[in-house]
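Reading through the structure tokens given below for one structure.
The values are calculated or read from the model by the stated rules, or taken from the named source; none is laboratory data. Bear in mind that the values here come from a model prediction, so they are computed numbers and not experimental data. Methodologically, a virtual Cβ is constructed for each residue, glycine included, from the backbone with ideal geometry; neighbour enumeration extends over all protein chains shown.
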Amino acid sequence: MTNQLSDSDLLAELKQRFEENKKALEDLKNLNEELIQVNKKLEESESLKSHFVSNITNEIINPFTSILGLSKAILSVDKENWKRVFSMIALIHEEAFSLDFQFRNIFVAAKIEAGDIYPEIFTVDINNLVDSVLEAFKYEAKKKKLIFKVQHHERLDKTKSFVFKTDPEKLKLILSNLIRNAINFSFEDNQIEIKIWVSENDLKIYVKDYGIGISKENHTIIFDRFNRLDSGINSINRGHGLGLSVSKALIDMLKGRIEVDSEIEKGACFTIIIPESDAHSEGFASDANETFFSDVEEF
Amino acid sequence: MIEIQKYFLYPSTLFASHTPTSVNTILGSCVAICLYDPVLKIGGINHFMLPLWNGQGLASPKYGNIAAEKLVDKMLLLGSQKSNLIAKVFGGAEVIESNIKVFNIGTRNIAIAYEMLESLKIPIVAKSVGGKLGRKIEFNSFTGEVKQRFIDKDASKNNLV
């Protein structure tokens, strides 16, 4: 059997192979570029981590120094000047509050990275929970003349409160981070809008501020650990860039998601969407549904 | 008979303890590596969802490369010698059918488990991976035994990770 190729067939075949080669090379090049990017990211993340300790030292030492100094000052206030004590106590509270908040994020981040955290599901009165978070930030907001505008979720039957199965402590920390950011990045004398609603069994909450905003290209970076967009020494914003990465990981754990809508100078709106936890079928596959499983194999 | 406590392992977390424990977890495309130390009779298990941490978000045991290292660290912390450890690997099913290679999370999760264990020089003594069905496994941290059941596809569309 003769298997002869005409010149044009040969050329066509060669051309095709060249094309394939070229494509493979192209793919390889793309992969390489991706690898370089990922490598760069990992390096950045590691160096941020090492800077983190030195950054956090300031974040912790400074508030402590203020608290110590202020309480010492209070001890030496004369009786006739007792009114001065109020303003000093307000400052102590402010410093302690922010310290407490920083610690909470750091500990939760450590727990997440150690894989030692899991959802603890309860039936939660969400309106109440949001109000309690806002109450905690009352003074911080007042300082910048910010007003919270809350739109609660109302049930059709108004005699019953609105409850939702989720992890209250995790949700509190997520919301606290969003609200703290909203306060930090708002321009003075503005409002922060919060809306709670339910659609298709998902709990949705948005926190909207009128502040400096985030440019589109930075929408994903903000969820990376230790990353802050503006971390210069003159930065008016305190914090360590853990808040959003912690929130993101917690939302992941609750099988939810977070969306950002923001532009520079136009404020930011963060929306969290969390499905109702199905605590019965979650985990502890009880004997009741063992029938779904096939025979046991041993390893 | 030794008193054994029960523990449910959530995705992205890990477990290792001196206390004899029966650890349950449910796997779809996720992979669980069970490590057992036959000398101390202790065990540990992880449950990761994605193969590699790419520097985004927190470096949590949601990612295979991190989960494997952290689990070994935890076992060493409990007093195990690395050379005594043996591994069993489960999960990595393709629960969602897809023709696109990049989306074959299950396969990639299995591959990273093998790679990590090889580089850590921990032998894999048993495995049940791949396929199209999810798995429910029960790991006995005292004996190192693992019981596995496949999960009927239609009966449990949800809650597979």
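Within the range B:76-84, can one find any residue that is touching a strand residue (DSSP E or B) at 6+ places or on another chain (Cβ under 7 Å) and of a type outside the set (S, T, N, Q)?
Yes - at least one qualifying residue is present in the range B:76-84.
Can you tell which of A:Asp27, A:Asp9, A:Asp100 is in a helix (DSSP H, G or I) and within 14 Å of chain B (Cβ to nearest Cβ)?
A:Asp27
Scan the range A:45-55 for residues that are surrounded by 15 or more Cβ atoms within 10 Å (Cβ to Cβ) and at pLDDT 70 or above and jot them down.
A:Ser45, A:Leu48
When you go through A:Glu94, A:Glu13, A:Glu34 one by one, which is the residue that is closer than 30 Å to B:Ile66 by Cβ and either assigned by TED's automatic domain parsing to the domain that holds A:Asp224 or surrounded by 11 or more Cβ atoms within 10 Å (Cβ to Cβ) (or both)?
Answer to the selection: A:Glu34.
Quick check on my filter: what residues within the range A:110-165 are within 21 Å of the chain's Cα centre (by Cα), part of a loop (DSSP other than H, G, I, E, B) and either within 26 Å of A:Glu193 (Cβ to Cβ) or without any contact (Cβ under 8 Å) to a residue 24 or more places away in the chain (or both)?
Answer for the range A:110-165, where residues must be within 21 Å of the chain's Cα centre (by Cα), part of a loop (DSSP other than H, G, I, E, B) and either within 26 Å of A:Glu193 (Cβ to Cβ) or without any contact (Cβ under 8 Å) to a residue 24 or more places away in the chain (or both): A:Gly115, A:Asp116, A:Phe137.
Is there a residue being assigned to a strand (DSSP E or B), at the interface with another protein chain (Cβ under 9 Å from one of its Cβ atoms) and modelled with pLDDT of 90 or more anywhere in the range B:113-124?
No, the range B:113-124 contains no residue that is assigned to a strand (DSSP E or B), at the interface with another protein chain (Cβ under 9 Å from one of its Cβ atoms) and modelled with pLDDT of 90 or more.
Filtering the range A:268-299 down to residues that are within 30 Å of A:Ile183 (Cβ to Cβ) and assigned to a loop (DSSP other than H, G, I, E, B), which residue is modelled with the lowest pLDDT?
Out of the qualifying residues, it is A:Ser277.
What's the number of the only condition in (1) within 14 Å of another protein chain (Cβ to nearest Cβ); (2) hydrophobic (A, V, I, L, M, F, W, C); (3) loosely packed, with under 14 Cβ neighbours inside 10 Å that B:Val39 fails to meet?
Among (1) within 14 Å of another protein chain (Cβ to nearest Cβ); (2) hydrophobic (A, V, I, L, M, F, W, C); (3) loosely packed, with under 14 Cβ neighbours inside 10 Å, the lone unmet condition for B:Val39 is (1).
With the requirement that a residue be buried (at least 19 other Cβ atoms within 10 Å of the Cβ), of a type in the set (S, T, N, Q) and in a helix (DSSP H, G or I), what does the range A:177-197 give you?
Matches in the range A:177-197: A:Asn177, A:Asn181.
Looking only at residues that are farther than 23 Å from B:Gly134 by Cα and crowded, with 16+ Cβ neighbours inside 10 Å in the range B:72-92, which one is nearest to the other protein chains (Cβ to nearest Cβ)?
So, considering only residues that are farther than 23 Å from B:Gly134 by Cα and crowded, with 16+ Cβ neighbours inside 10 Å, the one nearest to the other protein chains (Cβ to nearest Cβ) is B:Lys74.
For the range A:72-88, enumerate the residues that are outside any helix (DSSP H, G or I) and either within 18 Å of A:Tyr139 (Cβ to Cβ) or charged (D, E, K, R) (or both).
Correct list: A:Asp78, A:Lys83.
Would you pick out the residues in the range A:202-214 that are over 17 Å from the mean Cα position of the chain (by Cα) and assigned to a loop (DSSP other than H, G, I, E, B)?
A:Tyr210, A:Ile212 - these are the residues of the range A:202-214 that are over 17 Å from the mean Cα position of the chain (by Cα) and assigned to a loop (DSSP other than H, G, I, E, B).
Yes/no matrix, rows are residues, columns are (1) crowded, with 17+ Cβ neighbours inside 10 Å; (2) at pLDDT 95 or above; (3) closer than 21 Å to B:Asn46 by Cβ:
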| residue | (1), (2), (3) |
| --- | --- |
| B:Glu94 | yes, no, yes |
| B:Glu97 | no, no, no |
| B:Arg135 | yes, no, yes |
| B:Ile151 | yes, no, yes |
| B:Ser156 | yes, no, no |
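State whether one or more residues within the range B:47-66 are among the charged types (D, E, K, R), facing chain A (nearest Cβ under 9 Å) and either more than 17 Å from B:Asn140 (Cα to Cα) or part of a loop (DSSP other than H, G, I, E, B) (or both).
There is at least one residue in the range B:47-66 that is among the charged types (D, E, K, R), facing chain A (nearest Cβ under 9 Å) and either more than 17 Å from B:Asn140 (Cα to Cα) or part of a loop (DSSP other than H, G, I, E, B) (or both).
Looking at A:Leu91 and the list (1) over 30 Å from A:Lys172 (Cα atoms); (2) at pLDDT below 90, which single condition is not satisfied?
A:Leu91 satisfies all of (1) over 30 Å from A:Lys172 (Cα atoms); (2) at pLDDT below 90 except (1).
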